[in-house]
Amino acid sequence: MNIIIVDDSKILRQRLKRLLSAVPDTHICGETGQISEAIELIKNLTPDVIILDIQLMDGLGFDVYDQVISEKYKPVTIVLTNYPTRQYQQMCDQRRIEYFFDKTTDFEKIAATLKEMKSNEPKTF
């Protein structure tokens, strides 16, 4: 499972990479804190999962999502934010973003969510 992390905090990206290193068969294929770089990375690497912060230095993570998601490409998106407001939750719901996590209280849920996704994948023999 290839993952791109979009968060403007380098410390948080490092923390996420440590957390996800314990999840089997996951690979961080890219990371950035800027909207334009995120769009390019996602378009070029087409990850299975995007971990996306809402408030970035140069705009909203929704700008990234809206530019890369299409009828043909819809990776699992995990929004991870310090601003778990009802407004942002509704914006996620409107976009059918699957996961909306608070950085403070839900951080560990990311690894559990990815493990669950892996366990639900069809087995090939």
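The values are calculated or read from the model by the stated rules, or taken from the named source; none is laboratory data. Everything numeric in this text was worked out from a predicted model, so none of it was measured. In this analysis, Cβ positions are derived from the backbone assuming ideal geometry, glycine residues included, and neighbour counts consider all displayed protein chains.
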>> Need pairs with beta-carbon distance below 9 Å; first residue over 16 Å from I50 (Cα atoms) and within region 87-107, second part of a helix (DSSP H, G or I) and at pLDDT 95 or above; sequence gap 6+ or separate chains.
In response: Y88/F62; M91/F62
> Which condition does N82 not pass, out of (1) surrounded by fewer than 13 Cβ atoms within 10 Å (Cβ to Cβ); (2) out of contact with any strand residue (DSSP E or B) (no Cβ under 8 Å at 6 or more places or on another chain), if it passes all the others?
Replying inline: (2)
> Would it be correct to say that E31 is within 12 Å of the chain's Cα centre (by Cα) and modelled with pLDDT under 95?
Replying inline: no
>> With the requirement that a residue be surrounded by 14 or more Cβ atoms within 10 Å (Cβ to Cβ), part of a loop (DSSP other than H, G, I, E, B) and without any contact (Cβ under 8 Å) to a residue 12 or more places away in the chain, what does region 30-70 give you?
In response: none
